[in-house]
Structures are given as structure tokens and as C-alpha cells.
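Below is one structure, written out as C-alpha cells; comments come after it.
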Amino acid sequence: MIARTRLLAISRTMSTSTRSPTCPLSQFSACEISDALIKLGSPNGGHIPDIHMLSPTSQVKICAPAYTVQMVLASDNSAPKLSSHFVDTAPSGSVVVVDAPPQTKNGVWGGLMTAGAQARGAVGVIISGRCRDLAEHRAANFPVFARGHSTVGQSPFVRPSSVNVTLTIHPKDAGDSSDAFASVTVTPGDWIVADEDGVVCVPVDMVDKVAELAKKGQEIDAKCMADIKAGKGIQAAFKEHRGK
């Protein structure tokens, strides 16, 4: 288990954002962070594809360390079983990251879990799978990012098996070809940035490098935008400020 002291407290200003004022990544969009990760050699830009913001209905941003949950099929008797509900052990300031078996069509997160997560100070949930009870999440103004939603819950389809373990999240229908979009590894404590464009995972040991490159990219894009709005062509603006 990750010690709670390792998970930085996250301030919640839910009208527009859910982020940490102490993390240098909080000032950047998910797109800017992916661009920086690509420049650092990431094969996927840290992007966890096919996961979208389903709650709330207004703009929101998450920037928080990951508390991970692995779901397994209910028929899997060989996988470990939890002694406590995984929401009850979510650290304050964390974002819950749930990986469910890809073939399942049921929800793995509902309104009661949102209530429990909020009570413990978790700032949102990222689900490689489905949620349900959309109205309850939205009424609570709680950030829920998922691949989709469903009317049915966990039982009798899946169950939580482990927490604070490394997750390998595979893109939906990516296939096995050599040019398939690379899977994303989420280690407990990695930083998750999620906004209306999608979800990005930043390894904790790369945060400073990513922030440095993202800042440079942000400044360059601002110059390009100013020139383009002033009438300069995109190609000319890119050549001047991006060097290509």
C-alpha cells in the first residue's frame, strides 16, 4: 500500500477544476502533457484512449496521483480477494483508476461509490470500463471518466481483486499488430491529468521533465496562435516558431 503521506493533498475547486496547486502539471492541458511525453520518447503520449468525461456536465480538470484498482471476472477464483471495499481505502487527494476486463458491459462504479469517494476526499475516478448512475455523479459534481455507461452493476459480472497495483490498460480494439497503439502502464502514485480532451498518465519520476517541455510547448503554441489570428499562414507560423 502507498503511504498516505506520499499522496499529495489536492485542492478541489469544483466549479472549473480538480487539481493540485503543488504539482507543476496542473497548469497544462492533457494535450500539452501528451505532446511533452511524445518528445520524451513515450510511444503513446501517456494517453489512455477511449475514456471520456461523463460527469460533471461542466468543464472539469483532474490533476492527482493515482490510486489503482484491478477488477477481474467474477468467475476468476484464482485472483486475490479484498478484505475491505476499495473505495473505503482510497486516500484523500487521489484519483481512483479502475481497470475492468475489456469484454464486460456492466458498470463498475455507481452513485454510492461516488458518495464514498467524496467523503474520503478522492477527487475523481478514471474507469477503463463502464459506470452507471450518471445522474447521481452529476448531481454530486463528481468527475467520472469512463469508456461508457451501463444499467447493471458489478455483481454478478466482475469483482475488485487488488488495489495499489500496477495496471496495464490496453486500448479498446487495438489489435496485436506492430503499429497498434501502445498500452499504458499506470503505477500507484503516477500523476493523472484528465480534462475534456481525455486522460493522460505521467510517471511520477518524469513530472519535472514533462512540465518543463510542456511549458516550452505552451509558449510556442501561444506565439503560433497569435500569428495565425493576425493572418499569417499556419505553415509560416509553424516554420517560424516550431522550426518546421
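The values are calculated or read from the model by the stated rules, or taken from the named source; none is laboratory data. Keep in mind that this is a model prediction, so the values were computed, not measured. Here Cβ is always computed from backbone atoms with ideal geometry, including for glycine, and neighbour counts include all displayed protein chains.
Matching residues to (1) of a type in the set (Asp, Glu); (2) under 23 Å from SER26 (Cβ atoms); (3) at pLDDT below 95; (4) not in a loop (DSSP other than H, G, I, E, B):
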site: TYR67; (1), (2), (3), (4): no, yes, no, yes
site: GLN70; (1), (2), (3), (4): no, no, no, yes
site: ASP76; (1), (2), (3), (4): yes, no, no, no
site: ASP88; (1), (2), (3), (4): yes, no, no, yes
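Name the one entry in VAL193, VAL125, VAL199, VAL152 that is in contact with a Lys or Arg (Cβ under 9 Å, 6 or more places away or on another chain), closer than 18 Å to SER58 by Cα and at pLDDT 95 or above.
On the way: VAL125 fails: in contact with a Lys or Arg (Cβ under 9 Å, 6 or more places away or on another chain); VAL199 fails: in contact with a Lys or Arg (Cβ under 9 Å, 6 or more places away or on another chain); VAL152 fails: closer than 18 Å to SER58 by Cα.
The match here is VAL193.
Only a single criterion out of (1) crowded, with 18+ Cβ neighbours inside 10 Å; (2) within 22 Å of LEU134 (Cα to Cα) is not satisfied by PRO91, namely (2). Is there a residue being without any contact (Cβ under 8 Å) to a residue 60 or more places away in the chain and either surrounded by 14 or more Cβ atoms within 10 Å (Cβ to Cβ) or not small (Gly, Ala, Ser) (or both) anywhere in region 56-69? No, because not a single residue in region 56-69 is without any contact (Cβ under 8 Å) to a residue 60 or more places away in the chain and either surrounded by 14 or more Cβ atoms within 10 Å (Cβ to Cβ) or not small (Gly, Ala, Ser) (or both). Looking at the structure I just gave you, is THR57 at negative phi, outside any helix (DSSP H, G or I) and of a type in the set (Val, Ile, Thr)? In short, yes. For GLU196, state whether it is of a type outside the set (Val, Ile, Thr) and over 27 Å from LEU54 (Cβ atoms). Criteria not met by GLU196.
Do we find a residue being at pLDDT 95 or above and outside any helix (DSSP H, G or I) anywhere in region 12-22? Steps first, please.
Pass one, region 12-22, residues at pLDDT 95 or above: none.
For region 12-22, residues at pLDDT 95 or above and outside any helix (DSSP H, G or I): absent.
Quick check on ASP50: is it in contact with a His (Cβ under 9 Å, 6 or more places away or on another chain), surrounded by 17 or more Cβ atoms within 10 Å (Cβ to Cβ) and not hydrophobic (A, V, I, L, M, F, W, C)? Judged against the criteria, ASP50 is not a match.
Scanning for something buried (at least 18 other Cβ atoms within 10 Å of the Cβ), in contact with an Asp or Glu (Cβ under 7 Å, 6 or more places away or on another chain) and either β-branched (Val, Ile, Thr) or in contact (Cβ under 8 Å) with a residue 24 or more places away in the chain (or both), does region 78-87 turn up at least one residue? Steps first, please.
So in region 78-87, the residues buried (at least 18 other Cβ atoms within 10 Å of the Cβ) come out as 86-87.
Right, trim to in contact with an Asp or Glu (Cβ under 7 Å, 6 or more places away or on another chain) and you get none.
Within region 78-87 (the criterion being buried (at least 18 other Cβ atoms within 10 Å of the Cβ), in contact with an Asp or Glu (Cβ under 7 Å, 6 or more places away or on another chain) and either β-branched (Val, Ile, Thr) or in contact (Cβ under 8 Å) with a residue 24 or more places away in the chain (or both)), the answer is no, since none of the residues qualifies.
Each row is one residue, and each column tells you yes or no for (1) of a type in the set (Ser, Thr, Tyr); (2) at pLDDT 95 or above; (3) surrounded by 16 or more Cβ atoms within 10 Å (Cβ to Cβ); (4) assigned to a loop (DSSP other than H, G, I, E, B).
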{"position": "PHE145", "(1), (2), (3), (4)": "no, yes, yes, no"}
{"position": "PRO156", "(1), (2), (3), (4)": "no, yes, no, yes"}
{"position": "SER162", "(1), (2), (3), (4)": "yes, yes, yes, no"}
{"position": "VAL165", "(1), (2), (3), (4)": "no, yes, no, yes"}
{"position": "THR168", "(1), (2), (3), (4)": "yes, yes, no, no"}
{"position": "LYS172", "(1), (2), (3), (4)": "no, no, no, yes"}
{"position": "ASP179", "(1), (2), (3), (4)": "no, no, no, yes"}
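The test for being touching a residue at least 24 places away in the same chain (Cβ under 8 Å), assigned to a loop (DSSP other than H, G, I, E, B) and buried (at least 21 other Cβ atoms within 10 Å of the Cβ) holds for PRO188.
If you go through region 96-119 and keep only what is surrounded by fewer than 16 Cβ atoms within 10 Å (Cβ to Cβ) and in a loop (DSSP other than H, G, I, E, B), you end up with PRO102, GLN103, LYS105.
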